[in-house]
Amino acid sequence: MTLEIIELILFIAGKTEYHSVSLNAIEIERDTDMSEKIENTYELRPLIEQIPEDWRYRIDEIAERYKKLYTALVYDIMAEQYGLPGRSMKPGIGPLERGERNGKLAGPAFPTRRCTTPSTDPKVHNIRLGLMASMCKGCVYVSDVQGNRNCGQFGEITATAMRAAGCVGAVIDGSTRDSDYLIAMGFPTFVRWCSPVEGLSRSMTVDYMNPIYVDGVDGMLLINPGDYIFADGDGVVVVPKDIVVPVLERAEKNFNDEKLSRCAMAEGMDPFEVYNKYGRF
């Protein structure tokens, strides 16, 4: 573990409760004899301010309710009831491990963008401090890697720091490394592939908390800060932040109707009768 990563984790652990720390000048003690002042030119961009008021303070509750559903159902609600087809990332992205612990993820999107031309300028690298301090409890890190395929753009140390900042999982439109560690720590991570290659000299984050585009089922899919990420073994869907609650409520109703129709057919009821009674099967 590098000294810089240790410093980052310590910084986040001590500063993330309210996300109100000033990032203009941060004193980091390297040992008992010296300290280095890091000038950070990146502003705080709190995700919590981008989340609509009807669910801003219910993030945990909303996430638990979404995770009782499945992505195909939520996708259908958006396509059929809201005229929003294509709100899914392109097939091929999935969890490192299926199952309840690592195979489902729900929360407001914290979008970031990476580039493949890393800079040695310390002010550029210090963007990670602003990024971490701008997160909120329950958020999902989403990374647009600009099509980079030459390294792992995520890993266990980064996940550890993000968890300390309140993040509950990651969606990488690219790759990760340290996959066994991510699984063991129970940090749901959705990726397109894995790689053992380090990303420090090959890829870096250059922007955060601005809209990004990821590879979608119908082309490039826009993700805004606060849009809702819901992911399971089938893939990743993105719910526009202004309809997170009504989509959830409609999906819950359809989910319950499906359970009733499933039980009715299992007991021998004619499928046409089931459809007439419950409106779906």
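No value in this document is a laboratory result; all are computed from the given coordinates. Worth saying up front: this structure is predicted, and the values here are computed from it rather than measured. Every residue, glycine among them, receives a Cβ derived from its backbone with ideal geometry; neighbour counts consider all protein chains shown.
By counting other Cβ atoms within 10 Å of each Cβ, how are 239, 217, 247 ranked from fewest to most?
217, 247, 239
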Problem - Gain upon complete extension [residue 180, residue 115; 0.36 nm per residue less C-alpha separation] - result: 20.8 nm
Handout entry: Lys, Arg +1 and Asp, Glu -1 on Cβ, resulting dipole of the stretch 161-229 about Cα centre, debye, nearest 20
Key = 180 debye
Problem - Modelled FRET efficiency - R0 25 Å, residue 258 with residue 98, Cβ distances, 0.05 increments - result: 0.75
Handout entry: Sorted peptide list for 49-60, 138-149, criterion being average Cβ within 10 angstrom, highest first
Key = 138-149, 49-60
Exercise for the section: Using the number of other C-beta atoms within 10 angstrom as an exposure proxy, rank 78, 220, 132, 185 with the fewest first. Expected result: 220, 185, 78, 132
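What pairs from 90/259; 104/277; 241/277; 104/253 go past 26 Å between their alpha carbons? Mind showing how you got there, number by number?
Details: 90/259 28 Å; 104/277 31 Å; 241/277 33 Å; 104/253 20 Å.
The pairs that break the limit, which is 26 Å between Cα atoms, are 90/259; 104/277; 241/277.
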Practice task
Please sort 98-105, 204-211, 269-276 by packing, taking for each peptide the average over its residues of neighbouring beta carbons within 10 angstrom, highest first.
Solution key: 204-211, 98-105, 269-276
Exercise for the section: Mind giving me the nanometre distance, one decimal, between the label points for residue 49 and residue 210, set 7 Å out from Cα along Cα→Cβ? Expected result: 1.6 nm
Exercise for the section: Can you tell me the FRET efficiency between residue 201 and residue 249 if r is taken as the Cβ-Cβ distance and R0 is 45 Å, rounded to the nearest 0.05? Expected result: 0.45
Problem - Sorted by Cβ neighbour density within 10 Å, fewest at the top, the residues 87, 262, 192 - result: 262, 192, 87
